[in-house]
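All of the numbers you see were taken from the coordinates with simple rules; none came from a lab. Quantities reported herein were computed from a predicted structural model and do not represent experimental measurements. Here the Cβ positions follow ideal geometry from the backbone for every residue, glycine too, while neighbour counts run over all protein chains shown.
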């Protein structure tokens, strides 16, 4: 009897309509891109950049070739030559083909001197393909552009110090967090 | 439970079984391919291996016999897992199909044919499933290069 | 085109190709339907439009480099694919991850499962006609993707688990945010159920559609919620426990009739159980390291022998004092299965001692469910075919590998 009454009076449909009526008076959660943008969580894997060392002003890379070896899509091309006097390696060519990259972050995790970073910048669509084939100068320029848009005083990427793994197993530079201080102009 | 099954199997099909092995507590059998359907039917009816988890091929380039078809079985009432490998020679690339025992084997055997070239006798509809119908070559064999062997004929038609 | 053969059909049948470009087929799936009036007489699905050769590519990469490849199988709940591959390699090589890594992986897997079921409910309801549920489900799914972005940095293809544990630790404030979200999530599930479960239109569209009895369901290879809707209690998390599933408390919902309505109820109850598991994981999370001691390193060499530090762990190229060399990895083969969001996801890996796997075979549930569509759809109306594709929860990235 109760089932028949519920069926005639459309109770189930009215229950659904009450739920939608209640939702009319809640705040919508839409963010109107591009006028409103969401703040990016730290650690987001966006455009690649080579870190400019604050002391020397040049890149930190020592051409150990670990990032090129670990990349799953083999999109990093490195060239180096050996300096005769000191025996160190000097970087001559560092190129990343961004269209082959899968943005996994393995290169950032494996680099022993924290030379490469996947910044939190993601609006870099272009009309021709050559703009996204990053040479060494373009990567350093990416870093400068990213720092000019960055709002805080110092920058630290969480894949640079890998919390949770025992410190003795990591290379020396990755054991403690060393943030990069951003110089304020003026 | 697994030991009883293996002892029973050894009594019934003594000539077919080549090797019984174990790795990390998973047992597997290596058998010849001639009476594979009888072995599987016996296992399904007597020990209720009703769930065929997987069926696929492996290519051992450089070994004789070259190919193997692996059947991964699971018995839901008894909770027993077993793996059976049937070895296939390169000259005689055929094996019996098990579609009437487990209907799931229909598409799994088609995929095995598409990727390795192993022909299943008694299959209702054996044709390619992932690659286009007029593709030449069998991709998952070890001597098929990763980048492929040149342009596909269908693309040549489109470009022209 | 060359190579195709025209089939003979009878004059009274009407052939309809529900082609690769179709909004209701959840990807590129081609269905050849032969219709007699409004009923489907014969149905033949065809796959292969998204085949990328993941099994062949995995033979050219080292073990840690395959993890971003497995991301792209089931791209809606990609943490579960990563965890499945990592669990398989850990069982093969004999590595045991630490407890904190196990709980983190379980929590992240269940969050992925909730996000997958939300997307399933959204698209299934949208295909049948209920458009509001789509927007409500995506509101919650967006929150879950924000949390996963805070944990690992990406929204779709995470590659967060690693062979031996996870890559990076989670902060306390993220765990608190997830806890607060889960507290409010149970009311949202009540909202979706209030819109659909007792609705007479929903019941008329899904009761008695796509019925399969239990013996046929196992014979046709269905697993996951599609099998549990028919009454068989087979859940890989209970039969072959992995990670921290033996230490949390949850139930497995099982249906009775085997039709679309029971599978819908199974999945909605699974969402509740997954939320319960996430809450327990956050409460019981132990402290400690997140990577096993004998975990293999990220830049594993493709071949050769392993260098050992005097105290036992393997080193990179920088440490020059070497004690001894031992063979890189043990040889053998293993089959290991995980409870994917759609069914049983199995990995069979053969190792030949070098740094690259010899054969990686991935057993995907969607491929097998698509082969069961003719059994479910023959004899039904054309509008029911859309409901059946939705209820089996297929995604073509997985079915085509």
**OP:** Just grab the label-to-label distance for residue B:63 and residue C:60, each label 7 Å out from Cα along the Cβ direction, in nm (one decimal).
**Re:** 2.4
Original post:
Which Rg and Dmax, in Å, describe the Cα atoms of the stretch B:2-143?
Top reply: 15.2, 48
Subject >> Ranking of C:223, A:135 by count of other Cβ atoms within 10 Å, fewest first >> reply: A:135, C:223
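For the stretch C:190-269, what class follows from the C-alpha gyration tensor (a ≥ b ≥ c being the square roots of its eigenvalues): rounded when a/c is under 1.5, otherwise prolate if a/b is larger than b/c, else oblate?
Values: a/c = 3.57, a/b = 1.36, b/c = 2.63.
Judged from the Cα gyration tensor, the stretch C:190-269 comes out oblate (a/c at least 1.5, b/c at or above a/b).
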Subject >> Structure-based [θ]222 nm, the protein assembly as shown - -39500 (n - 2.57) summed over DSSP H runs of at least 4, per residue, nearest 500 >> reply: -10500 deg cm²/dmol
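Hey, with R₀ at 51 Å, roughly what FRET efficiency would residue C:193 and residue B:93 work out to, going by the Cβ-Cβ distance, to 0.05?
Numbers: r = 54 Å, r/R0 = 1.05.
Efficiency computed from Cβ-Cβ geometry: 0.40.
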**OP:** Name the shape class, rounded, prolate or oblate, that the alpha-carbon gyration tensor gives for the protein assembly as shown, where a ≥ b ≥ c are the square roots of its eigenvalues, rounded holds for a/c under 1.5, and otherwise prolate holds if a/b is larger than b/c and oblate otherwise.
**Re:** oblate
Subject >> Ranking of C:32, B:120 by count of other Cβ atoms within 10 Å, fewest first >> reply: C:32, B:120
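Rounded to the nearest 0.05, what FRET efficiency do residue A:122 and residue B:15 have when you use their Cβ-Cβ distance and R0 = 60 Å?
Numbers: r = 65 Å, r/R0 = 1.08.
With R0 = 60 Å, the Cβ-Cβ based efficiency is 0.40.
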**OP:** Sticking with the crude label model, points 7 Å out along Cα→Cβ, report the distance from residue B:119 to residue A:85 in nm, one decimal please.
**Re:** 7.4
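I need the calculated FRET efficiency for the pair residue B:35 and residue C:215, taking r as the beta carbon distance and R₀ as 25 Å, to the nearest 0.05. Mind showing how you got there, number by number?
Working: r = 26 Å, r/R0 = 1.04.
Once the sixth-power term is evaluated, E becomes 0.45.
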Subject >> Cα centroid separation - the stretch C:168-246 against the stretch A:2-78, whole Å >> reply: 24
Subject >> Distance-filtered residues of the stretch C:159-178 - backbone nitrogen under 14 Å, label point 7 angstrom along residue A:29 Cα→Cβ >> reply: C:178
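Please tell me the relative contact order of chain C in percent, rounded to the nearest whole number, where contacts are Cα pairs under 8 Å and at least six residues apart.
Working: 714 pairs, mean separation 103.0, N = 401.
So the answer I get is 26 percent.
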Original post:
If you average the sequence gap of Cα pairs under 8 Å that are 6 or more apart and divide by the length of chain B, what percent do you get for the contact order?
Top reply: 16
**OP:** Rank these for me by crowding, B:38, B:114, going from fewest to most other beta carbons within 10 Å.
**Re:** B:38, B:114
**OP:** Note the angle between two axes, namely the Cα long axis of helix A:136-149 and the longest principal axis of the Cα atoms of chain A, as a number of degrees from 0 to 90, rounded to the nearest 10.
**Re:** 50
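For the stretch C:48-140, what does the alpha-carbon gyration tensor say about shape, rounded, prolate or oblate, given a ≥ b ≥ c as the root eigenvalues, a/c under 1.5 as rounded, and a/b over b/c as prolate? Please list the in-between numbers first.
Values: a/c = 4.07, a/b = 1.56, b/c = 2.60.
Oblate, because a/c is 1.5 or more while a/b does not exceed b/c.
If N is the number of residues in chain A, what value comes out of its Cα radius of gyration divided by 2.2 N^0.38 Å?
Details: Rg = 25.1 Å, N = 186, 2.2 N^0.38 = 16.0 Å.
That ratio works out to 1.57.
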